[in-house]
Amino acid sequence: MTTPPSTTATATATTATSEQPVRGRRRLLPDPTPASTLPRPRPMPAWLAYTALVLAYAATFGYSLTGIVAAYRSGGTAPVTHPPTAANFWSQALPGWIQHAVLLLVVTAVVLLVAWRRRIRVRDLFAPAPPSIPTPESKRRARHQARTVFAWALAGMTAWMVASSVIGQLMPAGLTGGFAITDRSDAMWMVALLGPTQFTTAPIEETVVVAVLVILLSAAQRPAAEIYTVGVIAKVAYHAYYGPVVLLLIPEALLVLWLYRRTGRLWPVICAHAAYNGAYSLLVIAWPGVATYMG
């Protein structure tokens with residue numbers, strides 16, 4: 001008579017099967033995070049979710065949006081920022097740095113409030129909860145997932161830059177302001193002027209228009225199509241100074257939202273955004289002619 005397999009043997013076989021590495025094309029995509037380890041925000045009415053989202057968005061991007069609207073109303077012109085000199089560097093740089101420091105505090109307050117009111121941990125907005133008993137395999141999968149999210153997010157941002165640079169030559173320009181860069185010296189001074197804001201932009205933007213947006217609308221049980229639509233509008237709005245070419249940002253916005261909803265990982269997206277800004281700054285220094293806008 002054949003001996004039936006033991007429960008232990010069956011569980012071991014199931015675990016071994018479920019932990020087999022993903023191969024082929026699927027390995028190019030980040031593994032989905034089990035729903036059980038993604039944040040489960042306390043439900044809320046849709047009107048309250050949108051009210052909270054609008055307030056968070058206005059507190060973070062209200063100043064930028066006001067400037068964009070005012071510039072378009074004045075005939076499509078915006079201030080031109082000229083490279084600083086050694087004499088006026090700090091007087092030009094500090095206001096922008098201070099503004100971003102304030103925005104980081106605002107975003108921190110938004111995250112704390114959302115986490116508190118939705119009864120989730122702050123860290124859950126940035127990464128899925130690790131297993132209670134981590135294993136070498138689970139750690140390997142987590143690292144692979146994070147690297148894949150980073151790679152896809154960076155690829156999306158790079159594709160946006162290339163497409164907007166190429167197609168932007170054939171479409172009406174946005175606001176006529178921006179940065180006056182003519183040579184490598186101008187580029188180096190301008191990169192120094194932006195300084196830490198090149199990297200603080202990433203956590204400010206991605207935290208609000210990706211994590212906070214997804215958490216709030218998910219708590220309101222809004223459909224995925226609505227979440228993607230609102231997320232795209234939110235990201236495109238404060239980039240409107242690019243003009244019609246800003247529509248090319250839609251695929252990148254959709255990609256990042258999809259990555260976050262699939263994996264719950266925001267840190268790789270933030271790191272990809274910071275890496276993109278840093279690489280673009282180096283590109284502008286090496287080739288000043290590419291700089292129409294920086295940011």
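Note that region 166-229, at 10 °C in a medium of 1.306 mPa s, gets a Stokes-Einstein diffusion coefficient of 103 µm²/s from its Kirkwood radius over C-alpha pairs. Value of Rg to Rh for region 181-295, rounded to two decimals, is 1.03; Kirkwood radius and Rg both from alpha-carbon coordinates. Spin-label model, W116 to A225: label points 7 Å out along the Cα-to-beta-carbon direction sit 3.7 nm apart.
Once you list every other residue whose beta carbon is under 14 Å from the beta carbon of R143, what net charge do they have if Lys and Arg are +1 and Asp and Glu are -1? Show your work: numbers first, answer last.
Values: positive: R27, K139, R140, R141, R147, R265; negative: D31, E137.
Result for the local shell: +4.
Once the Cβ-Cβ distance between Y72 and W267 is put in as r, and R0 is 35 Å, what FRET efficiency do you end up with, to the nearest 0.05?
On the way: r = 35 Å, r/R0 = 1.00.
So the FRET efficiency works out to roughly 0.50.
Suppose all protein chains stay in the model; what accessible area per residue would a 1.4 Å probe give for the chain, in Å²?
Working: 15970 Å² over 295 residues.
Per-residue accessible area for the chain comes out at 54 Å².
Among the chymotrypsin sites (Phe, Trp or Tyr not before Pro) within region 106-206, not one is in coil by DSSP while having at most 16 neighbouring Cβ atoms inside 10 Å. Taking the Cα centre of region 159-295 as origin and assigning +1 to Lys and Arg Cβ atoms and -1 to Asp and Glu Cβ atoms, the resulting dipole is close to 340 debye.
With a 1.4 Å probe and all protein chains left in place, how much of the accessible area of the chain comes from carbon and sulfur atoms, in whole percent?
Working: 10980 of 15970 Å².
Roughly 69 percent, rounded to a whole number.
Students often check this: by mean Cβ neighbours within 10 Å, which of 99-111, 78-90 ranks highest, and how do the rest follow? Before the final figure, lay out each step's value.
Values: 99-111: 15.9, 78-90: 12.8.
Highest mean packing first, the order is 99-111, 78-90.
Residue separation of W47 and L28 scaled by 0.36 nm, minus their Cα-Cα distance, works out to 3.0 nm of gained length.
Counted residue by residue at 0.36 nm each, then reduced by the alpha carbon distance between them, the extension gain from T182 to T85 reaches 33.5 nm. Ranked from largest to smallest solvent-accessible area, with a 1.4 Å probe on the protein heavy atoms, Y280, Y50, Y63, Y72 come out as Y63, Y72, Y50, Y280.
Hey, for a label at A109 modelled as a point 7 Å past Cα toward Cβ, could you say which residues of region 44-83 have their backbone N under 19 Å away? Only 51-66 pass the distance filter.
Give me the Kirkwood hydrodynamic radius of the chain, using the inverse of the mean 1/r over all pairs of distinct Cα atoms, in Å to one decimal. With all distinct Cα pairs of the chain included, I get 21.2 Å. Among rounded, prolate and oblate, which fits region 87-148 when a ≥ b ≥ c are the square roots of the eigenvalues of its C-alpha gyration tensor, a/c under 1.5 means rounded, and a/b larger than b/c means prolate? Oblate shape, in that a/c is at least 1.5 and b/c is the bigger or equal ratio.
The values are calculated or read from the model by the stated rules, or taken from the named source; none is laboratory data. Source: prediction; values computed, not measured. Positions of Cβ are backbone-derived with ideal geometry, glycine not excepted, and every protein chain shown enters the neighbour counts. Each accessible area value is taken on the protein alone, full model and side chains, heavy atoms only, with ligands, DNA and RNA left out. Shrake-Rupley method; radii C 1.70, N 1.55, O 1.52, S 1.80 Å.
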